[in-house]
Amino acid sequence: MLFNRAEMLNRRARHPKFKADEIIGALNLQKGAVIADIGSGGGYFTMRFAEAVGPEGKVYAVDVNAKLLAYIENYAKENRMTNVETVLVGESGLNLPEQSCSLIFLRNVFHHLNSPERYFKALKRFLKPGGRVIIIDYKKGTALNLIALMRHHVEEAFIQETMKNAGYDLVDRYCFLPQQSFNVFQAVEER
Ligand SMILES: C[S@@+](CC[C@H](N)C(=O)[O-])C[C@H]1O[C@@H](n2cnc3c(N)ncnc32)[C@H](O)[C@@H]1O
């Protein structure tokens, strides 16, 4: 049942309308980079990142859902991907090695966070100097679909305001996703 949820999330993530290739291209990933995919779901982006950073890099797949993480672990093992590590977290935060990540990625996860300002303040210590935080999330649309009904969206201005208050600068913003905002932040003191 939950394995189906992982596959459903991955099917959606790879659907052409969500432009995964363009997202990966915009991130300009380097071999050897260390990435945290927070709210990794079925792991579609975790696996894309793992391929991009190569065996000398690393991807932390972080989620509150142990069954989704088990799916990712299983997939990584079957495909001999040695650079993926799963991290189970509680709702309030996570623990990763200090200053380990050059990129922290959250796609369709920000709207799940209870106290986003506090969350991103705490997240800073896991970023390498100059590291980036990528936040992609659904914008409020006009269509009455499942995203709207379940309120799985967040105003882009709210994301930007929250990150400013948490001590980040907006360093890039992409507009090629039809349903989602795509913002790139760096910690103020790290630049
Ligand atoms: C809509 S799914 C997005 C999955 C994936 N990022 C993608 O783009 O396909 C949201 C994911 O965030 C996870 N999640 C929710 N709250 C979280 C939290 N506080 N920390 C980490 N993961 C969380 C959920 O378990 C779920 O896997």
### Message
Rounded to the nearest 5, what % of DSSP beta bridges with both residues in the chain are antiparallel?
### Response
40 percent
### Task
Estimate the FRET efficiency between Glu189 and Met8 by the formula 1/(1 + (r/R0)^6), using the beta-carbon distance for r and 41 Å for R0, to the nearest 0.05.
0.55
### Task
Indicate the gyration tensor shape class of the chain (rounded, prolate or oblate), computed on the Cα atoms with a ≥ b ≥ c the square roots of the eigenvalues: a/c under 1.5 is rounded; otherwise a/b larger than b/c is prolate and the rest oblate.
rounded
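Quote to one decimal, in nm, the extra length available between Ala70 and Lys17 on full extension: 0.36 nm per residue of separation minus the C-alpha distance between them.
Gain on extension, Ala70 to Lys17, equals 16.3 nm.
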### Task
Can you tell me the FRET efficiency between Ala26 and Glu117 if r is taken as the Cβ-Cβ distance and R0 is 25 Å, rounded to the nearest 0.05?
0.50
### Task
Taking GluC sites (Glu not before Pro) as candidate sites, keep only those in a DSSP loop with at most 11 other Cβ atoms within 10 Å, then name the longest stretch of the chain containing none of them.
99-191
### Task
Would you work out which of Leu96, Pro55, Ile24 lies farthest towards the positive end of the dipole of region 1-110? Charges go on Cβ: Lys and Arg +1, Asp and Glu -1.
Ile24
#### Entry: Expected 222 nm ellipticity per residue - DSSP helices of 4 or more, -39500 (n - 2.57), all of the chain, to 500
-10000 deg cm²/dmol
### Task
Please list, in chain and number order, the residues 5+ apart from Leu103 or on another chain whose amide H is under 5 Å from its amide H, with Hs placed from the backbone.
Val34, Ala36, Arg132
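Nearest 5 percent is fine: what portion of the DSSP beta bridges confined to region 32-142 is antiparallel?
Here the antiparallel bridges make up roughly 5 percent for region 32-142.
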### Cα-centre dipole for the chain with unit charges at Cβ (Lys and Arg positive, Asp and Glu negative), debye to 20
300 debye
### Message
Going by amide H atoms built from the backbone, whose H comes under 5 Å of the H on Asp172, apart from near neighbours?
### Response
Val184
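Laboratory data are not the source of any read-out in this text; all were calculated from the coordinates shown. What you see is a predicted model; the values in this text were computed from it and never measured. A quick note on method: Cβ atoms are made from the backbone with ideal geometry, for glycine too, and the neighbour counts reach across all protein chains shown.
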